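Quick notes on the structure that follows.
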Amino acid sequence: MLEKCEWKELEDIGHLADSIRKQFFGNTITFSKNVFIPLVNLCRNKCAYCGFRKEPWEKDARLLHPKKVKSILVQGKKAGCSEALFTFGEKPEEVYLSVRHELQKMGYASIIEYLYDMCLEALKLGLLPHSNPGVLTEEEVKALREVNASMGLMLENVSKRLCGAGGPHEHSPGKHPKLRLDTLTYAGKWKVPFTTGLLIGIGETIEETIASLRAIRSIHDKYGHIQEVIIQNFVPKKNTPMSNHPPPNPEYFSKVVALARTMLPGDVSLQIPPNLNPGYIDSLIRMGG
Ligand code: SF4
């Protein structure tokens, strides 16, 4: 299907996508001034493309303590940020005793409990917390909604195949699509403004990408809470199992962006990470991004 598109058809879908973007957003490109707080860079998952996670014995492994978090928040506030972006490894205390002990010493049973208090600190400074804590139970969504302006979780893809032997999510229990779709659903049930997204170029087929966009659309149709969908291109990172895996070519990626714009509801923003697409961002905007 899409991968067989000729340039002419690509232009057609691009024109349609661009007209949808203009109809709903005009010529406005938005961004948020946020301060990034990576609470912890240990993670229970081991995604084969991840360049963020560390093992406890690596010198860069860290769990940020409250004093450090508060200092980052204050710096962000002084720099004019409006949002505190908490993005970090998923439930590391489930697999790392050292993290569990650290959290216990600080008085928390889990990273989610700790996150709750750090969101309160952000709110005290007038920063709006946006948390990306990984998959959540319904109870965790209910708790975190009290202290978050919005939250997020990349769906990545609905393909269970990618969790199978040799797949990028083989060693990532939290990347099972059902768990992620459940989290999106809980967020919808509890009316949490939500960001999700797809990672493109990790071995998925175009049919799996289409199924993923349909799944997001279907949850949004039911609950109306998806505010933004990130279409992120895979970029190989050094020293990861996928360091030699080729990134998606820009032409293919731009088709996926246009497809997302045409399949998703017009009022849902698309985010294409500009830092991962140097030199292409203008053409991606023209494809509806
Ligand atoms: S969930 Fe995957 S991509 Fe995210 S921090 Fe963990 S290992 Fe990295």
Item to check | Residues of region 56-66 that turn out to be open to solvent by less than 50 Å² (accessible area, probe 1.4 Å) and over 30 Å from Asn244 (Cβ atoms), as a count | outcome: 3
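Residues being in a strand (DSSP E or B), more than 16 Å from the ligand (Cβ to nearest atom) and open to solvent by less than 30 Å² (accessible area, probe 1.4 Å): count how many of those fall in region 67-95.
The number of residues fulfilling the criteria is 1.
Quick test for you: out of Asn277, Asn233, pick the one residue that is closer than 21 Å to Leu153 by Cβ and in contact (Cβ under 8 Å) with a residue 24 or more places away in the chain. Before you say what the answer is, go through the steps one by one.
Values: Asn277 fails: closer than 21 Å to Leu153 by Cβ.
Being closer than 21 Å to Leu153 by Cβ and in contact (Cβ under 8 Å) with a residue 24 or more places away in the chain holds for just one of Asn277, Asn233, which is Asn233.
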Next on the checklist: Whether any residue in region 60-68 is at positive phi and either in contact with a strand residue (DSSP E or B) (Cβ under 6 Å, 6 or more places away or on another chain) or of a type outside the set (Lys, Arg) (or both) is what I want to check.
Outcome noted: no
Item to check | Leading residue by the ranking (most open to solvent (accessible area, probe 1.4 Å)) among those in region 183-198 that are outside any loop (DSSP other than H, G, I, E, B) and more than 16 Å from the ligand (Cβ to nearest atom) | outcome: Lys189
Checklist entry - Taking region 30-55 as the region of interest, how many residues are open to solvent by 40 Å² or more (accessible area, probe 1.4 Å), closer than 18 Å to Ser98 by Cα and either among the polar types (S, T, N, Q) or more than 14 Å from the ligand (Cβ to nearest atom) (or both)? => result 0
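If I filter region 250-286 down to residues being part of a helix (DSSP H, G or I) and polar (S, T, N, Q), which single residue comes out as least open to solvent (accessible area, probe 1.4 Å)? Working first, answer last.
Filtering region 250-286 for residues part of a helix (DSSP H, G or I) gives 250-263, 274-276, 281-286.
Next cut, polar (S, T, N, Q) only: 254, 262, 275, 283.
Details: Ser254: 15, Thr262: 40, Asn275: 121, Ser283: 45 Å².
Filtering first and then ranking leaves Ser254.
Yes or no, residue by residue, for (1) closer than 30 Å to Glu207 by Cα; (2) within 16 Å of the ligand (Cβ to nearest atom); (3) touching a Pro at 6+ places or on another chain (Cβ under 9 Å); (4) not aliphatic (A, V, I, L, M):
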| position | (1), (2), (3), (4) |
| --- | --- |
| Tyr116 | no, no, no, yes |
| Leu125 | no, no, no, no |
| Gly134 | yes, yes, no, yes |
| Lys142 | no, no, no, yes |
| Val147 | no, no, yes, no |
| Met151 | yes, yes, yes, no |
| Cys163 | yes, yes, yes, yes |
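Listed here are the residues, each with its yes/no results for (1) closer than 20 Å to Ala260 by Cα; (2) of a type in the set (A, V, I, L, M).
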| site | (1), (2) |
| --- | --- |
| Gly174 | no, no |
| Lys178 | no, no |
| Trp190 | no, no |
| Gly197 | yes, no |
| Gly203 | yes, no |
| Leu213 | yes, yes |
Checklist entry - Can you pull out the residues in region 221-249 that are open to solvent by 20 Å² or more (accessible area, probe 1.4 Å) and not in a loop (DSSP other than H, G, I, E, B)? => result Asp221, Lys222, Tyr223, Gln227, Glu228, Ile230, Gln232
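The values are calculated or read from the model by the stated rules, or taken from the named source; none is laboratory data. Computed from a predicted model, the values in this text were never measured in an experiment. Quick reminder, even Gly has a Cβ in these numbers, built from the backbone with ideal geometry, and neighbours come from all protein chains shown. Calculation scope for accessible area: heavy atoms of the full protein, side chains included, ligands and nucleic acids excluded. Shrake-Rupley method; radii C 1.70, N 1.55, O 1.52, S 1.80 Å.
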